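The values are calculated or read from the model by the stated rules, or taken from the named source; none is laboratory data. No experiment lies behind these values; they were computed from the predicted model shown. We work out accessible area using only protein heavy atoms, side chains counted, and drop any ligands, DNA or RNA first. Shrake-Rupley method; radii C 1.70, N 1.55, O 1.52, S 1.80 Å.
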Amino acid sequence: MKFLALSVSDAAEDVIAVIRAGARGYVTKTIAGPELIAAVERVAEGDAVFSPRLAGFVLDAFRTGDEPATRTEMDELTAREREVLQLIARGYLYKEIAARLHLSVKTVESHVSSVLRKLQLSNRHELTRWATQNRLV
C-alpha cells in the first residue's frame with residue numbers, strides 16, 4: 001500500500017517515524033490544495049514526495065556514517081535544553097522559541113549557552129550540525 005502522510009507536524013522525529021512506517025511521502029497541512037492533489041497523484045504513481053525542508057530530514061536520517069550522540073552527552077542536557085536545541089536546529093529564532101515555549105528571550109539565550117557549554121560547541125551553526133548528526137531534528 002502506498003500512502004502520503006498529511007500532518008500538522010514538521011518535526012523531524014515525526015517525519016522519520018512515518019517514513020519508517022511505510023509512507024511514500026510527507027507534507028504538512030500548509031500545502032495548497034492543487035499541490036496536495038499533485039502530491040497524492042505522484043505517490044500513486046510510485047514517486048516519493050516531500051517538501052524540500054522535510055526531504056532534508058529524511059536524507060539526514062538515512063545517511064550512513066554518522067554516529068549518534070553518546071548517551072552521556074544526551075544525559076547532560078535537560079529536557080528543556082533538548083527542546084530548545086531542536087528548535088534552534090530547525091531554524092527558529094530566539095524570539096520565536098520564546099513565544100512557542102512561553103519563555104523569555106533571555107531564558108532561551110541561557111538555555112542555548114548552557115547547551116553550547118555542555119556539548120563544547122561554539123555557535124548556532126555547530127549546534128545545528130550536532131543536532132542533525134545525532135538525529136534530534
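Helix 124-133 and the long axis of the chain differ in direction by around 50°, with both axes built from C-alpha atoms.
Computed over protein heavy atoms with a 1.4 Å probe, the carbon and sulfur contribution to the accessible area of the chain reaches 55%. Axis of helix 105-119 versus longest Cα principal axis of the chain: the two differ by about 90°, to the nearest ten degrees. Compared with the dominant Cα axis of the chain, that is its longest principal axis, helix 52-62 is turned about 80°. A 1.4 Å probe run over the chain, with the rest of the protein chains in place, finds 59 Å² accessible per residue.
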